[in-house]
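*Asks:* The structure is given below, and queries will be raised subsequently.
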Amino acid sequence: MEPAPPTRPQPVLQSASSRRRRLRRLLLARRRLLAAVTAAFAVLVGLQATAPKPPPSRMVITAAHDLPAGVPVAPDDLTLTPFSPGTVPSGAATTRESLVGRTTTGPVRAGEPITDVRLVSGSLLEGYPGRVAAPVRIGDAGSVALLRIGDLVDVIAADPQGRREAALVAGGVPVVALPRAADTALASGGLVVLAVTEDTAQALAAASVAAYLSVVVTR
């Protein structure tokens, strides 16, 4: 019996060579995609390196929540919000201490910068020389809720018994403060502070004793 011929390793060598050829073809087929990805990454890195840095933001004091008109500002009413330097409004406050305790001249929305025109100046009567601040209780709290700081109003006294005709007590006087409703909850109506002459203040005080006071906005 003749011995079997020796096993030849040629098929194994051919198989390994075939795998190498397939891998080389695969790499060559993907080289364009790899080159495009590499180039895009290089461009992105270059753009990031040459792009100008954004301007530093400026922290501005803004309202932490909606604020009604005629209320003193409390520390928790304020917060800091970053603004681009070109968007900071003129008159924006720089310190919290300069705002706390001052009265809003009108409603302020949450996030709105607190500027000098949003607050009553240090004195309620600044800009009204020769006048005094007269707190006046108006019978209809709803009408007081419609008022805003700076409104000009007429104050009219009406006899609750109807024995006398309604009379004008103060005409075209400015509203300088609107205390919080919670601060006046123990009494009926609503409280408004007006800048008036001393004679008008006396007339208002006398009328408030026996008459029902109402307001009419003239401007």
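*Asks:* Given axes a ≥ b ≥ c from the Cα gyration tensor, I'd like to know whether the range 77-121 is rounded (a/c under 1.5), prolate (a/b larger than b/c) or oblate.
*Replies:* Because a/c hits 1.5 or more and a/b exceeds b/c, the range 77-121 counts as prolate.
*Asks:* Same structure, new question: Compute the distance in nm between two label points, each set 7 Å from the Cα along the Cα-to-Cβ direction, one at Ala110 and one at Arg24.
*Replies:* 6.9 nm
*Asks:* If you don't mind, another one. Amide H neighbours of Phe83 under 5 Å, counting only residues 5+ apart in sequence or on other chains, H built in-plane at 1.01 Å?
*Replies:* Correct list: Arg58, Met59, Val60.
*Asks:* Relative to a virtual label point 7 Å from the Cα of Val117 in the Cα→beta-carbon direction, which members of the range 68-110 show backbone nitrogen distances below 11 Å?
*Replies:* The answer is 90-91, whose backbone nitrogens lie closer than 11 Å to the label point.
*Asks:* Label the range 78-219 by shape, choosing from rounded, prolate and oblate, from the square roots a ≥ b ≥ c of the eigenvalues of the Cα gyration tensor; if a/c is under 1.5 it is rounded, and otherwise prolate applies when a/b is larger than b/c, oblate when it is not.
*Replies:* Prolate.
*Asks:* Give the residue list of trypsin sites (Lys or Arg not before Pro) in the range 92-161 that are DSSP loop and have at most 12 other beta-carbon atoms within 10 angstrom.
*Replies:* Arg109
*Asks:* Can I ask one more? From the phi angles alone, apply the Karplus equation (6.51, -1.76, 1.60; θ = phi - 60°) to the range 85-93 and give each ³J(HN,Hα) in whole Hz, x where the residue is Gly or Pro.
*Replies:* With coefficients 6.51, -1.76 and 1.60, one gets x, x, 9, 6, x, 5, x, 5, 5 Hz.
*Asks:* Heads up, I need the accessible area for Val88: 1.4 angstrom probe, whole protein in place, Å², nearest 10.
*Replies:* Around 30 Å² of this residue is reachable by solvent.
*Asks:* Next question. May I ask you to give the solvent-accessible area per residue for the range 135-215, in square angstrom, as obtained with a 1.4 angstrom probe?
*Replies:* Accessible area per residue, the range 135-215: 52 Å².
*Asks:* Same structure again: Collect residues whose amide H, placed 1.01 Å from N in the peptide plane, falls under 5 Å from the amide H of Val108; neighbours closer than 5 in sequence don't count.
*Replies:* Leu67
*Asks:* Within the accessible area of the range 69-166, what % is carbon and sulfur when the probe is 1.4 Å and the other protein chains stay in place?
*Replies:* Reported share for carbon and sulfur atoms: 54 percent.
*Asks:* Among 76-82, 189-195, how do they line up from the highest to the lowest mean number of other beta-carbon atoms within 10 Å?
*Replies:* In descending order of packing, they fall as 189-195, 76-82.
*Asks:* Let me ask you something else. Ordered by residue, what ³J(HN,Hα) values in Hz, to whole numbers, does the range 136-151 give under the Karplus form 6.51 cos²θ - 1.76 cosθ + 1.60, where θ = phi - 60° and Gly and Pro are x?
*Replies:* Taking θ as phi minus 60°, the curve returns 10, 8, 9, x, 9, 5, x, 5, 5, 5, 7, 6, 9, 4, x, 4 Hz for the range 136-151.
*Asks:* Please calculate how many Å² of accessible area the range 72-128 carries per residue, with a 1.4 Å probe and no DNA, RNA or ligand atoms counted.
*Replies:* Counting only protein heavy atoms, the per-residue value for the range 72-128 is 55 Å².
The values are calculated or read from the model by the stated rules, or taken from the named source; none is laboratory data. The structure presented is a predicted model; accordingly, all values stated were derived computationally and were not measured. Backbone-built Cβ (ideal geometry, glycine too); neighbour counts: all protein chains shown. To get the accessible areas, we keep the full protein, side chains included, count just its heavy atoms, and leave off ligands, DNA and RNA. Shrake-Rupley method; radii C 1.70, N 1.55, O 1.52, S 1.80 Å.
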